[in-house]
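First up is the structure itself, then whatever we jot down about it.
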Amino acid sequence: MNNNILGKEVQAYINSHLNADVSKIVLSKSPFPEVSSAELANQIAAKKKAEKKLPTWFNTKEVYYPTMLSIEQTSSEDTAKYKSNLAKGKRLIDITAGFGVDSYYFSKKMEEVYSCEINEELSAISAYNAELLDAKSIQCLAIDGLAYLSETEGTFDTIYIDPARRSTSGKVFKLADCTPNVVEHFQLLLNKAARIIIKTSPLLDLQAGLTELKNVSEIHIVSVKNECKELLWVIDKNFNEETKIICATLNSSIKQIELPLHDDSDVVLMEKVQSSGYLYEPDAALMKSGAFNAIANAFTLTKLGKQSHLYFSEDLKEDFIGRIFKITQIYAPNELKKEKNLQGNVIIRNFPERAENLVKKLKIKPDQDTFYIFSQVQQDYVVFKTVIEQYY
């Protein structure tokens, strides 16, 4: 950690170059003898990245930023704030603290937060920023969090872990393939806390995770602007009931819905094409749950087909979590070929053609509010022309 970066002139330079080309700054001579061009470029790029992702840090003077990789890997403020509400008790240990964003928000709920980061420089940066942000309940430890947990005689109310994947190849992975290996050290974790919260990538399959973990009371599927950001696995000691699936969307407001782990509910399917009414596309968090029939029943909707995962109602369901489209016209696919000057976006659900191919073939120009939804009702393929009613 180069404390010279915190000098007034250096900070003024960083703030005045937030929109500059950092690649040029790297190749230029630094105006400050104790701060390299590479360090300046990193501070500028990291602070710029923090503007939307970490506004509290961005708007605080003299924050020291780590490498861009650490900024990219850290939680956003929105997701950190959400998961802080899942902690319980007074004492929490974050054994994979990184830049310390999660630790900071946990400190707003807990009396004591132990923030463990094995990278000494990153831990020092987090400690400095914690003091700057007046997070007095955080104790930053430059140590392997799992080793500290195994050596300390103390216990905690909550343990938080954000394990890193050891391999980036392929979309399928297991928790046992991550560092720290929570599967291998699961009994240690249970012995040290009543609650464990594990953050994973949304790429982890729910059933695969449940085969590796025990005592999972809740799985929170968290999305922002229809992009699934993370899975939060809440483990409670001695819990042996059915796991709850909670889908949460963090947009202008927080919306939540609880869905069943095993979706064996019946669902009403659309019998004939409707030329008016509304179509519903579930948010990414709901889609990740796989509870497609339960989604229909939760919002009193009709499903277009078993495999379409699109829903319909005659009246607007404003509480729906996802995109809503108002139907303005319907076409058979061949009829659309006769139309000229088509403008809109294309959505494909259970239809034997790629969206980009249809755009090219039908010469559809982009339009922000109009959507052509290609799907199937019973045995017939159909195109719904719609205008969007709700984005998120």
Q. Ile198: free of Cβ contacts under 8 Å to residues at least 40 places away in the same chain, part of a strand (DSSP E or B) and either among the basic types (Lys, Arg) or under 17 Å from Val182 (Cβ atoms) (or both), yes or no?
A. yes
Q: Please find, among Lys229, Lys272, the residue that is within 30 Å of Ser375 (Cβ to Cβ) and within 23 Å of the chain's Cα centre (by Cα).
A: Lys229
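Report yes if Asn215 is surrounded by fewer than 21 Cβ atoms within 10 Å (Cβ to Cβ) and under 27 Å from Ala176 (Cβ atoms), otherwise no.
In short, yes.
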Q: For the range 82-109, enumerate the residues that are assigned to a loop (DSSP other than H, G, I, E, B), over 17 Å from Leu132 (Cβ atoms) and charged (D, E, K, R).
A: Lys88, Lys90, Lys109
Q) Given the structure, is Ser253 modelled with pLDDT under 95 and either more than 20 Å from Asn297 (Cβ to Cβ) or not assigned by TED's automatic domain parsing to the domain that holds Val377 (or both)? A) yes
(Q) Every residue in the range 274-293 that is surrounded by fewer than 20 Cβ atoms within 10 Å (Cβ to Cβ) and either in contact with a helix residue (DSSP H, G or I) (Cβ under 6 Å, 6 or more places away or on another chain) or over 30 Å from His220 (Cβ atoms) (or both), please. (A) Gln274, Ser275, Ser276, Gly277
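Can you tell which of Glu112, Glu121 is under 21 Å from Lys192 (Cβ atoms) and of a type in the set (Asp, Glu)?
Glu112
Name the single residue that is nearest to Leu92 (Cα to Cα) among those in the range 163-195 being among the small types (Gly, Ala, Ser), at pLDDT below 95 and not in a loop (DSSP other than H, G, I, E, B).
Across the range 163-195, the extreme among qualifying residues is Ala164.
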**Q.** Residues satisfying the stated conditions in the range 110-135, i.e. more than 19 Å from Leu54 (Cα to Cα), in contact with a Ser or Thr (Cβ under 8 Å, 6 or more places away or on another chain) and assigned to a loop (DSSP other than H, G, I, E, B)
**A.** Met110, Glu111, Glu117
Q | Contacts under 6 angstrom Cβ, first residue in the range 117-140 being within 18 Å of Asn59 (Cα to Cα), partner among the aliphatic types (A, V, I, L, M) and at pLDDT 95 or above, 6 or more apart | A | Asn129/Val63; Ala130/Ile138
Q: For the range 221-241, indicate whether the set of residues that are closer than 18 Å to Gly290 by Cβ and surrounded by fewer than 16 Cβ atoms within 10 Å (Cβ to Cβ) is non-empty.
A: yes
**Q.** Within the range 297-392, strands (runs of 3 or more DSSP E) holding 3 or more residues that are touching a residue at least 24 places away in the same chain (Cβ under 8 Å) and of a type outside the set (S, T, N, Q)
**A.** 322-331, 345-348, 370-377, 380-390
Q. Of the residues Glu353, Glu389, which is more than 27 Å from Leu250 (Cα to Cα) and either in the same structural domain as Glu314 (by TED's automatic domain parsing) or under 27 Å from the mean Cα position of the chain (by Cα) (or both)?
A. Glu353
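Residues checked against (1) among the aliphatic types (A, V, I, L, M); (2) touching a strand residue (DSSP E or B) at 6+ places or on another chain (Cβ under 7 Å); (3) farther than 26 Å from Lys81 by Cβ:
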residue: Ser223; (1), (2), (3): no, yes, no
residue: Leu232; (1), (2), (3): yes, yes, no
residue: Phe239; (1), (2), (3): no, yes, no
residue: Leu269; (1), (2), (3): yes, yes, yes
residue: Asn297; (1), (2), (3): no, no, yes
residue: Glu318; (1), (2), (3): no, no, no
residue: Ile321; (1), (2), (3): yes, yes, no
Q: Output the number of residues of the range 318-344 satisfying the condition of being within 25 Å of the chain's Cα centre (by Cα) and surrounded by 15 or more Cβ atoms within 10 Å (Cβ to Cβ).
A: 6
Q) Among Leu188, Leu149, Leu175, which is the only one that is touching a His at 6+ places or on another chain (Cβ under 9 Å), surrounded by 13 or more Cβ atoms within 10 Å (Cβ to Cβ) and not hydroxyl-bearing (Ser, Thr, Tyr)? A) Leu149
Q | Any hit, the range 107-116, residues being in the same structural domain as Asp162 (by TED's automatic domain parsing), more than 26 Å from Leu190 (Cα to Cα) and among the basic types (Lys, Arg) | A | no
Q: Sort through Leu316, Leu342 and tell me the only one that's at pLDDT 90 or above and more than 25 Å from Lys225 (Cβ to Cβ).
A: Leu342
Q: Could you please find all residues in the range 63-100 being in contact with a Pro (Cβ under 9 Å, 6 or more places away or on another chain) and among the charged types (D, E, K, R)?
A: Glu77
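The values are calculated or read from the model by the stated rules, or taken from the named source; none is laboratory data. Treat the numbers as computed from the prediction; the structure is a model and nothing was measured. Note that we place each Cβ from the backbone using ideal geometry, even for glycine, and neighbour counts take in every protein chain shown.
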